[in-house]
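**Student:** The structure that follows is given in the form of structure tokens.
The values are calculated or read from the model by the stated rules, or taken from the named source; none is laboratory data. The structure displayed is predicted, hence computed values, not measured ones. Because the Cβ atoms are built from the backbone with ideal geometry, glycine has one as well, and the counts that use them run over all protein chains shown.
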Amino acid sequence: MTLLRRHLLALGATGLAVPAFVRHARAADEPRFALGIASGQPQASSLVLWTRLTGPALPDEVPVDWVLAHDEACTQVVARGTERAVAADAHSVHAEPTGLAPGRGYFYRFSALGQHSPVGRTRTAPAPDAAATLRAVLASCQRYDTGHWAAWRHAAAREADLVIFVGDYIYEYAAPKGAVRPHSQPLARTLAHFRDRYALYKSDPALQSAHANAPWLVVWDDHEVENDYANDRGQRLTGAELLALRAAGYQAWWEHMPVPKAMRPVGPDARI
């Protein structure tokens, strides 16, 4: 048992309040990269690096440093920068290094609030006129409560050059009775609900590993909003209510995907 824990137990036994320095120490120990890291949108000379900060008592704005390097130790630095993770975007980060070599592998890492993220592996696309062979993974329709995603563990082990995800990254439903992996989240109807759903999915170690080992190209389908929706019509909601739901779903999707800042939705409108 650590001295800090003994101190906390002693305070609890006497009914005294936990002092500020202890609260700060506990906050500093909280993992800030619990949802992992990702890269995506690979071009011949650029790509996107993604993460989302986690933990209690995050300031409204947090500077997040990132580095792109030739080596896994991130000492042979190719590019570096600082992004602002803001509460309005769920403290997500979309860094966009440019001027990179085509068809080249890189490593990357984030740092914030005294902590480092895991190191990820990514690569740029080949030059447009280059003859190249790529090993790609094609995936879609992952539902948290129906399985343990062994396929993602296999995909990460294969060290693919690219993952192409064609939609239904989340399912908006509450977990059914008898689910393989039950959860307590309700049917997603608000931005907070969608953020919680993405956080649940991204807590999965196999999915985190698949994201960390290759760049992704992503699009959405329907369950990022509502089953079989189109325009302002859905199975349960229509008109203004469906558009509000679409705005929430699109915003949360953008916050949690390795896509450029320019793809950020404007209300219920977004392009992918």
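**Student:** Among the residues of the stretch 123-157, write down those that are under 20 Å from G178 (Cβ atoms) and among the acidic types (D, E).
**Tutor:** Result: D145, single match.
**Student:** Moving to a separate point now. All but one of (1) touching a helix residue (DSSP H, G or I) at 6+ places or on another chain (Cβ under 9 Å); (2) in a loop (DSSP other than H, G, I, E, B) hold for C141; state the number of the condition that does not hold.
**Tutor:** (1)
**Student:** With the structure loaded, tell me whether L217 is assigned to a strand (DSSP E or B) and under 14 Å from the mean Cα position of the chain (by Cα) or whether it fails that test.
**Tutor:** It is true that L217 is assigned to a strand (DSSP E or B) and under 14 Å from the mean Cα position of the chain (by Cα).
**Student:** Okay, next question. Having 2 or more residues that are farther than 30 Å from P128 by Cα and at pLDDT 55 or above is the bar; report the strands (runs of 3 or more DSSP E) wholly within the stretch 3-97 that clear it.
**Tutor:** In the stretch 3-97, 61-69, 77-86 are the strands (runs of 3 or more DSSP E) which contain 2 or more residues that are farther than 30 Å from P128 by Cα and at pLDDT 55 or above.
**Student:** A further question on this structure: How many residues are touching a residue at least 40 places away in the same chain (Cβ under 8 Å) and farther than 28 Å from L191 by Cα if we restrict to the stretch 81-105?
**Tutor:** Residues flagged as touching a residue at least 40 places away in the same chain (Cβ under 8 Å) and farther than 28 Å from L191 by Cα within the stretch 81-105 amount to 7.
**Student:** Within the stretch 251-269, can you find the residues that are over 15 Å from P42 (Cα atoms) and either among the hydroxyl-bearing types (S, T, Y) or assigned to a loop (DSSP other than H, G, I, E, B) (or both)?
**Tutor:** Within the stretch 251-269, R264, P265, G267, P268 qualify.
**Student:** Moving to a separate point now. Considering only residues of the stretch 127-184 that are under 18 Å from Q208 (Cβ atoms), in contact (Cβ under 8 Å) with a residue 60 or more places away in the chain and touching a strand residue (DSSP E or B) at 6+ places or on another chain (Cβ under 8 Å), which is surrounded by the most Cβ atoms within 10 Å (Cβ to Cβ)?
**Tutor:** The selected residue is Y169.
**Student:** For the stretch 56-86, which positions are among the small types (G, A, S) and loosely packed, with under 12 Cβ neighbours inside 10 Å?
**Tutor:** Hits for the stretch 56-86 are A57, A73.
**Student:** Could you please let me know if L243 is over 30 Å from R104 (Cβ atoms), part of a helix (DSSP H, G or I), modelled with pLDDT of 95 or more and out of contact with any strand residue (DSSP E or B) (no Cβ under 6 Å at 6 or more places or on another chain)?
**Tutor:** Against the criterion (over 30 Å from R104 (Cβ atoms), part of a helix (DSSP H, G or I), modelled with pLDDT of 95 or more and out of contact with any strand residue (DSSP E or B) (no Cβ under 6 Å at 6 or more places or on another chain)), L243 qualifies.
Let's see how each residue does on (1) touching a Phe, Trp or Tyr at 6+ places or on another chain (Cβ under 9 Å); (2) at pLDDT below 95; (3) farther than 19 Å from A206 by Cβ:
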position: A127; (1), (2), (3): no, no, yes
position: Q142; (1), (2), (3): yes, no, no
position: A151; (1), (2), (3): no, no, no
position: A157; (1), (2), (3): no, yes, no
